[in-house]
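Novice: Take this structure first; my questions come after.
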Amino acid sequence: MKISYNWLKTFIETDISVDELTQILTDIGLEVEGFEEKEEIKGGLRDVVVGKVETVSQHPNADRLKLTKVNVGGGELLSIVCGAPNVSAGQKVIVAQVGAELYPNGGDEALKIKKSKIRGEVSEGMLCAEDELGIGVSHDGIMVLNEDATIGETASTFFQLKTDTLIEIGLTPNRADAMSHMGVARDVAAYLEINNRPVKFNIPEVQFGKFGTNNKLTATVENTDAAPKYLLALIEGVTVKESPAWLQSHLRSIGLQPINNVVDITNYVLHGIGQPLHAFDANVVNGNVTVSTGLGGTKFKALDEVEYELHDDDLMICNDDGGMCIAGVYGGIDSGVSEKTTSVVLESAYFDPIYTRKAAKRHGMHTDASFRFERGIDPNITEYALWYACNLISEICGGKVEGDAISIISKSFEPFKVLFNPDKCRSLLGDDIPNDFMLKVFKALEIEVADNSGEDWTLLVPAYRNDVTREADVCEEILRMYGYNNVRIPSKLNATTANFPKKNKHQVYNSISNTLSALGYSEMMNNSLGKDYKTDEKSQVRMLNPLSQDLAVMRQSLLYGALDVVAYNQNRQHPDLKLYEFGKAYFCENGEYIEKEQLILINAGKSADNTWHGARKSDFFEIKAHLELIFNKANIRYSQAISQHQDLEKGLIYRLGEKELARIGTVGKEDKKKFGVKVDTVVAIVDMDLLFRKLKLELKYSPVSKFPFVKRDLSMLVDNNIDFQTIVDIAKKTEKSILQDVQLFDVYEGDKLPENKKSYACSFILQDKNKTLTDSKVDKVMSLLINKYKEELEAELR
């Protein structure tokens, strides 16, 4: 959206500069995408001056051309050939000298003035008409100035041309209130007031008329849902002509081309205060207006001279003969104001955003009016806008409102009632914003505080802020006025961040739960009482008065309760499960009772349902990947080792230093039989106390290297008891500077290999962050690795 700095200053009295204004606009959510200096008349009329025609004579070779001598204050008279019929000696005129560039009618193509010969006679400039200067549309003859015009004065000074700044705002769809100069000025004024800066917000004074019946005009609204507010005024005695310079200047400043005084006034009100208006020729209206839908299949010829076929849901403004305008979207070619118009029917309305949007999309029409109606204009400004435009038409066009204006209102638009809790707002925004500041914001933004006696305040938000209907919306208003740069927004753990939120157990557990739920897990909750049949009785925490023998001991592991859940679901035709639980395990050590927080993940059966390409079983590596995702989000660096545990087979242990962080493994046959589990089951158990102590909140990152990596593969024969982690550990110990990763892509064990041997095929990723690796450097590193594997593992290359 385009905003003129000079136009904006008509609504707000302040001493802020353009640079400061653009910064404020961006800070309060009206992001400035760019701004540029703009001349009132394109080219600035440089090298154009006031001159005096001293003599005029007939061109010897052309009947319609005259030879003139023009004084521009430079001593010598200029010889200029002129074809204007009204040129005569003694006139004060506007002269474009050699080198001037003009943009006739405000176009984009420059007319460059050069010294030339016209029909054999030298011409050293041009005497200008209004349209040639770009300040009007008349081409009847050259502009003739008053006698008091000063010879040699620049045209920019004579016409009092102003420079302006055009500001481009990237307006978001929710900010319908800022779709005008007044709306933007209101927001800026609020910001300055909140920050104790001198400012005055001005709304143009309007002389209101009466609403009632009109003997010469009637109106009927048949679809009140689509047009809940519809106002008309009849203005007679209008003279349609060119707009005054100030009005044209405002429109040109935002890239609009003036048309005539009536149409220009409707555009001025639209971009000034945000209310779209439509002016009809009263002779076409012929006394009666009907607002209705249901004209599907009929034809409508719009201002673009294209004939459209109407839809039943298109809201139309009609006279007795048919449609004159698609409401809120586009006018008809025959109903608009022209030079012959002497009476105008002026429309100001609130059209339903959904009806307007659908009609605009259906017909591919995107106008300034539909842009605003689609997003929702201020529903309570229609009366003000109607009389504002009527006042301007009376002043500029000489018209007079005939009789009473017509007002058809089927719905009132009351302020939005919002319950607001200041403490919740502070918690959401992450900063201790005082109540006094919040009250100051509400006052500046015209939000009434109806009641602030309790914890929850009752706010009444003006209807023009249709984006502020919830407590969170109110918090956003406080935030943008407080300053996005001044507040600390708390981060949340999600699938794309690498850090946990504030070190709070509840938040950390919620974050892990969200991650696991996204991976397809369901949370379970088991009783803390149970019988762990593999525990040492001395370490058990026993109940003094157990309800039963099965509930006599506090659990020391979450595993057995989880296996009961698997068996329970399996027996009810749900064998494929992904479950997790947070819980405590209880121990007695040296007479002291200890509680340990744990997390258990359990995958049973198939990981996916049967499909055309078969089913995939839950396996060790899937749960391993999920567990490592949690560790990576917690920014924890761990080591791994193969381990056997009394409860889990094929186990892998994760360590932080010498302490065990987690363990993964497959549930053994004995335990499966004990609990009646019939499907393969993989389990991970995490020490949450250790994880919580060691998780790191800070984000660490390194930029992507601009130097390429090198990948080398190595296949080696080793003893059966050598695991892949040993190969990784040796590699990282041998080469610490450029070795980035070791990946396993094949393991082979078979009858073609020597007894008790297996083959590992590994990829080694090498990269120097400061330079490109050479072949010699890579070969040297690989030779070191090969020698180390031969030395420590007695490996043989294949």
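The values are calculated or read from the model by the stated rules, or taken from the named source; none is laboratory data. Not measured: the values here are computed from a predicted model. Cβ coordinates were reconstructed from backbone atoms using ideal geometry, including for glycine residues, and neighbour counts include every protein chain displayed. Calculation scope for accessible area: heavy atoms of the full protein, side chains included, ligands and nucleic acids excluded. Shrake-Rupley method; radii C 1.70, N 1.55, O 1.52, S 1.80 Å.
Novice: Could you say whether any residue in the range 543-552 is open to solvent by less than 30 Å² (accessible area, probe 1.4 Å), at pLDDT below 85 and either among the aliphatic types (A, V, I, L, M) or touching a Leu at 6+ places or on another chain (Cβ under 8 Å) (or both)?
Specialist: Yes, the conditions are met somewhere in the range 543-552.
Novice: Now a separate question. Among the residues of the range 241-255, count how many are surrounded by 18 or more Cβ atoms within 10 Å (Cβ to Cβ) and either under 19 Å from residue 8 (Cβ atoms) or in contact with a Lys or Arg (Cβ under 9 Å, 6 or more places away or on another chain) (or both).
Specialist: Of the residues in the range 241-255, 8 are surrounded by 18 or more Cβ atoms within 10 Å (Cβ to Cβ) and either under 19 Å from residue 8 (Cβ atoms) or in contact with a Lys or Arg (Cβ under 9 Å, 6 or more places away or on another chain) (or both).
Novice: Starting from the range 358-376, keep only residues that are open to solvent by 70 Å² or more (accessible area, probe 1.4 Å), then list their pairs with residues that are part of a helix (DSSP H, G or I) and among the aliphatic types (A, V, I, L, M) whose Cβ atoms are within a distance under 7 Å, requiring at least 6 positions of separation or different chains.
Specialist: Between residues of the range 358-376 that are open to solvent by 70 Å² or more (accessible area, probe 1.4 Å) and residues that are part of a helix (DSSP H, G or I) and among the aliphatic types (A, V, I, L, M), the close pairs are 366/360; 375/176.
Novice: I'd like the residue in the range 260-301 that is of a type outside the set (Val, Ile, Thr) and in contact with a His (Cβ under 8 Å, 6 or more places away or on another chain) and, out of all such residues, is surrounded by the fewest Cβ atoms within 10 Å (Cβ to Cβ).
Specialist: Top of the filtered list is 296.
For (1) crowded, with 20+ Cβ neighbours inside 10 Å; (2) closer than 30 Å to residue 454 by Cα; (3) of a type in the set (A, V, I, L, M, F, W, C); (4) at pLDDT 95 or above, each residue gets a yes or a no:
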residue: 317; (1), (2), (3), (4): yes, no, yes, yes
residue: 335; (1), (2), (3), (4): yes, no, no, no
residue: 339; (1), (2), (3), (4): no, no, no, no
residue: 347; (1), (2), (3), (4): yes, no, no, yes
residue: 350; (1), (2), (3), (4): yes, no, no, yes
residue: 390; (1), (2), (3), (4): yes, no, yes, yes
residue: 399; (1), (2), (3), (4): yes, no, no, no
residue: 403; (1), (2), (3), (4): no, no, no, no
residue: 425; (1), (2), (3), (4): yes, yes, yes, no
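Novice: Just the residues that are open to solvent by 50 Å² or more (accessible area, probe 1.4 Å), in a strand (DSSP E or B) and of a type outside the set (Ser, Thr, Tyr), please, taken from the range 557-593.
Specialist: If the condition is that a residue be open to solvent by 50 Å² or more (accessible area, probe 1.4 Å), in a strand (DSSP E or B) and of a type outside the set (Ser, Thr, Tyr), then 584, 589, 592 are the ones that fit.
Novice: Is there a residue in the range 95-105 that is modelled with pLDDT under 90, open to solvent by 20 Å² or more (accessible area, probe 1.4 Å) and not in a helix (DSSP H, G or I)?
Specialist: yes
Novice: So residue 702 fits all but one of (1) surrounded by fewer than 13 Cβ atoms within 10 Å (Cβ to Cβ); (2) more than 36 Å from the chain's Cα centre (by Cα); what number is the exception?
Specialist: (2)
Novice: Determine which member of the set 55, 68, 150 is open to solvent by 60 Å² or more (accessible area, probe 1.4 Å), assigned to a strand (DSSP E or B) and of a type outside the set (Phe, Trp, Tyr).
Specialist: That would be 55, the only listed residue that is open to solvent by 60 Å² or more (accessible area, probe 1.4 Å), assigned to a strand (DSSP E or B) and of a type outside the set (Phe, Trp, Tyr).
Novice: State yes or no: is residue 196 closer than 16 Å to residue 375 by Cα, of a type outside the set (Ser, Thr, Tyr) and assigned to a loop (DSSP other than H, G, I, E, B)?
Specialist: For residue 196, the condition - closer than 16 Å to residue 375 by Cα, of a type outside the set (Ser, Thr, Tyr) and assigned to a loop (DSSP other than H, G, I, E, B) - is not met.
Novice: From the list 442, 437, which residue is without any contact (Cβ under 8 Å) to a residue 24 or more places away in the chain, aromatic (Phe, Trp, Tyr) and not in a loop (DSSP other than H, G, I, E, B)?
Specialist: Just one listed residue meets the conditions, 442.
Novice: Mind listing whichever residues of the range 597-617 are part of a loop (DSSP other than H, G, I, E, B) and either at pLDDT 90 or above or over 30 Å from residue 661 (Cβ atoms) (or both)?
Specialist: Scanning the range 597-617 gives 609, 610, 611, 612, 613, 614, 615.
Novice: Without any contact (Cβ under 8 Å) to a residue 12 or more places away in the chain and open to solvent by 50 Å² or more (accessible area, probe 1.4 Å): is that true of residue 196 in this structure?
Specialist: Against the criterion (without any contact (Cβ under 8 Å) to a residue 12 or more places away in the chain and open to solvent by 50 Å² or more (accessible area, probe 1.4 Å)), residue 196 qualifies.
Novice: Tally the residues that are touching a helix residue (DSSP H, G or I) at 6+ places or on another chain (Cβ under 8 Å) and either within 19 Å of residue 201 (Cβ to Cβ) or open to solvent by less than 50 Å² (accessible area, probe 1.4 Å) (or both), restricting the search to the range 2-39.
Specialist: Selection size over the range 2-39: 20.
Novice: Same structure, new question: Taking into account only those residues within the range 200-217 that are part of a loop (DSSP other than H, G, I, E, B) and among the polar types (S, T, N, Q), which is most open to solvent (accessible area, probe 1.4 Å)?
Specialist: Looking at the filtered set, the residue picked out is 215.
Novice: Here is a follow-up. Just checking, how many residues over the range 302-315 are under 22 Å from residue 219 (Cβ atoms), open to solvent by 40 Å² or more (accessible area, probe 1.4 Å) and in contact with a helix residue (DSSP H, G or I) (Cβ under 9 Å, 6 or more places away or on another chain)?
Specialist: Total satisfying the criteria: 1.
Novice: Can you go through 653, 630, 642 and tell me which one is assigned to a helix (DSSP H, G or I), β-branched (Val, Ile, Thr) and either in contact with a strand residue (DSSP E or B) (Cβ under 8 Å, 6 or more places away or on another chain) or open to solvent by less than 80 Å² (accessible area, probe 1.4 Å) (or both)?
Specialist: From the options 653, 630, 642, the qualifying one is 630.
Novice: Condition (residue is of a type in the set (Asp, Glu), at pLDDT below 90, in contact with a Ser or Thr (Cβ under 9 Å, 6 or more places away or on another chain) and on the phi < 0 side of the Ramachandran plot) applied to the range 516-533: is it met by at least one residue?
Specialist: The answer is yes, given that some residue of the range 516-533 is of a type in the set (Asp, Glu), at pLDDT below 90, in contact with a Ser or Thr (Cβ under 9 Å, 6 or more places away or on another chain) and on the phi < 0 side of the Ramachandran plot.
Novice: Also, I was wondering about something else. Can you tell me which residue within the range 40-52, out of those that are of a type outside the set (A, V, I, L, M, F, W, C) and in a loop (DSSP other than H, G, I, E, B), is most open to solvent (accessible area, probe 1.4 Å)?
Specialist: 46
Novice: Out of (1) under 30 Å from residue 180 (Cβ atoms); (2) part of a loop (DSSP other than H, G, I, E, B), the odd one out for residue 166 is which?
Specialist: Failed condition: (2).
Novice: In addition: Could you go through the range 447-458 and let me know if any residue there is part of a loop (DSSP other than H, G, I, E, B), buried (at least 17 other Cβ atoms within 10 Å of the Cβ) and either out of contact with any helix residue (DSSP H, G or I) (no Cβ under 6 Å at 6 or more places or on another chain) or at pLDDT 90 or above (or both).
Specialist: Scanning the range 447-458 turns up at least one residue that is part of a loop (DSSP other than H, G, I, E, B), buried (at least 17 other Cβ atoms within 10 Å of the Cβ) and either out of contact with any helix residue (DSSP H, G or I) (no Cβ under 6 Å at 6 or more places or on another chain) or at pLDDT 90 or above (or both).
Yes/no per residue for (1) surrounded by 12 or more Cβ atoms within 10 Å (Cβ to Cβ); (2) touching a Phe, Trp or Tyr at 6+ places or on another chain (Cβ under 8 Å):
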{"site": "724", "(1), (2)": "yes, yes"}
{"site": "727", "(1), (2)": "yes, yes"}
{"site": "759", "(1), (2)": "yes, yes"}
{"site": "762", "(1), (2)": "yes, yes"}
{"site": "767", "(1), (2)": "yes, yes"}
{"site": "775", "(1), (2)": "no, no"}
{"site": "786", "(1), (2)": "yes, no"}
